[in-house]
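The values are calculated or read from the model by the stated rules, or taken from the named source; none is laboratory data. Since this is a predicted model, take the numbers as computed values, not measurements. For neighbour counting, all protein chains shown are included, and Cβ atoms are generated from backbone atoms with ideal geometry for every residue, glycine included. SASA here: full protein model, heavy atoms, side chains in, ligands and nucleic acids out. Shrake-Rupley method; radii C 1.70, N 1.55, O 1.52, S 1.80 Å.
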Amino acid sequence: MKILNFGSLNIDYVYSVDHIVRGGETILSTKSETFCGGKGLNQSIALARAGIQVYHAGLIGREGQLLLETCARYGVDTTYIRELPEKGGHTMIQVDSDGQNSIILYGGTNQMQTREYIDEVLSHFESDDFLILQNEINLLHYIIDKAYERGMKIVLNPSPFDNKLKACDLSKIYLFMLNEIEGEQFTGFSDAEEILESLAGKFPEAKFVLTLGSNGSVYYDGKVKLYQGIFPVDAVDTTAAGDTFTGFFMASVIAGKSVEEALCTASKASSIAVSRPGASVSIPSASEVSESLQEQRRLKITSW
């Protein structure tokens with residue numbers, strides 16, 4: 001069984017501000033930093049840091065050498081990444097004094113996938129291999145259709161939520177991983193229970209993991225619901241929180257751990273990530289997460 005993450009690779013330009021800028025307002029940034037990111041790259045790094053071999057597919061631009069070096073540093077296989085003589089994907093991120101962020105995304109090469117490139121990549125994978133997807137690349141519907149034809153198990157993080165998702169046959173998704181905002185955008189409901197029931201009604205063959213911010217997370221397969229609280233920390237930067245959660249949850253499930261253990265591990269990994277600045281650089285290692293959980297249990301501190 002192999003794991004393919006077909007997703008975005010970005011350069012993140014991060015600005016520390018007192019508060020997120022409002023319309024018509026000009027404010028001073030106290031710090032400027034450059035990181036490697038993109039939901040695709042972040043999730044691949046999280047998978048690799050969690051101990052899973054992951055192949056990443058995606059397109060980078062002229063400035064993409066830094067992205068390749070970052071993949072190599074964390075153990076992400078770059079066999080299927082291709083470079084184009086174009087401007088690569090990048091983001092402009094504001095991080096306020098409470099650690100909350102606001103992001104402007106420019107797609108660049110992430111929006112230049114071709115059917116030929118997709119077919120070539122997927123030809124190396126087969127039935128029961130996992131495919132991890134987000135919505136920061138083009139031709140998502142084509143990737144889903146072709147991967148489904150090959151019998152791959154498709155995991156979708158539908159972020160950012162936009163009209164491109166309407167072109168996708170989402171009945172082919174094996175597992176949805178989404179937050180409460182995306183859940184409301186999908187269903188029109190804001191209550192977690194209503195979101196999950198509505199999603200299960202729309203996609204009865206799928207499984208769901210819904211993250212709920214300070215209220216933790218919940219897994220639902222149409223029959224069983226499993227809840228996990230958060231591990232409270234002082235948040236510095238929430239940019240990679242969801243991607244870290246996705247990577248560690250999937251790594252745990254793929255490694256044969258129970259859903260309960262996967263939720264707990266993902267929650268702990270995410271709590272560590274938000275306590276640090278940056279996206280990919282904030283993602284902890286499997287040993288760090290394990291040691292933190294052991295210390296938590298030793299001190300008999302219960303997550304909520």
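Over all projection directions, the Cα-based convex hull of region 69-211 averages an area of 10.4 nm². Using a 1.4 Å probe on the protein chains only, how many percent of the accessible area of region 99-211 belongs to carbon and sulfur? The nonpolar share, carbon plus sulfur, comes to 47 percent. Most simply put, the chain has about 40% antiparallel DSSP beta bridges, counting only bridges with both residues inside it.
Comparing ILE20, ILE173, ILE132 in a Gaussian network model of the chain, where Cα atoms under 10 Å apart are tied by springs, the biggest mean-square fluctuation is seen for ILE20. Computing Rg and the Kirkwood Rh from the Cα coordinates of region 123-172 gives a ratio, Rg/Rh, of 0.95.
Taking amide hydrogens as placed 1.01 Å from N in the peptide plane, the amide H of ILE81 sits under 5 Å from those of GLY58, each at least 5 positions away in sequence or on another chain. Considering only THR109, THR79, THR30, the Gaussian network model of the chain with Cα springs below 10 Å gives its largest mean-square fluctuation to THR30.
Exposed loop sites were defined as trypsin sites (Lys or Arg not before Pro) in DSSP loop states (anything but H, G, I, E or B) carrying at most 11 other C-beta atoms within 10 Å; in the chain the longest segment without such a site runs 23-222. Relative contact order of region 68-163, taken over Cα pairs closer than 8 Å and 6 or more residues apart, is 21 percent.
When the chain is modelled as a GNM with alpha-carbon springs shorter than 10 Å, which of SER285, SER217, SER102 fluctuates the most? Checking each option, the largest mean-square fluctuation is seen for SER102. Indicate the gyration tensor shape class of region 135-268 (rounded, prolate or oblate), computed on the Cα atoms with a ≥ b ≥ c the square roots of the eigenvalues: a/c under 1.5 is rounded; otherwise a/b larger than b/c is prolate and the rest oblate. The shape class here is rounded. Potential lengthening of the chain between SER190 and ASP128 amounts to 19.0 nm, from the contour at 0.36 nm per residue minus the alpha-carbon distance. Stretched out straight at 0.36 nm per residue, the stretch from ARG298 to LYS202 would grow longer than its current Cα-Cα span by 30.3 nm. What does the C-alpha gyration tensor say about the overall shape of the chain? Classify as rounded when a/c is under 1.5, otherwise prolate if a/b is larger than b/c, or oblate. It comes out rounded by the Cα gyration axes.
Show which lysines lie in cross-link reach of LYS207 when reach means a straight Cα distance below 23 angstrom and same-chain residues fewer than eight apart are skipped. Here the lysines satisfying the reach criterion relative to LYS207 are LYS2, LYS39, LYS146, LYS153, LYS164, LYS166, LYS172, LYS223, LYS225, LYS257, LYS268. Inter-part distance, region 136-207 to region 229-278, computed on C-alpha centroids, equals 20 Å.
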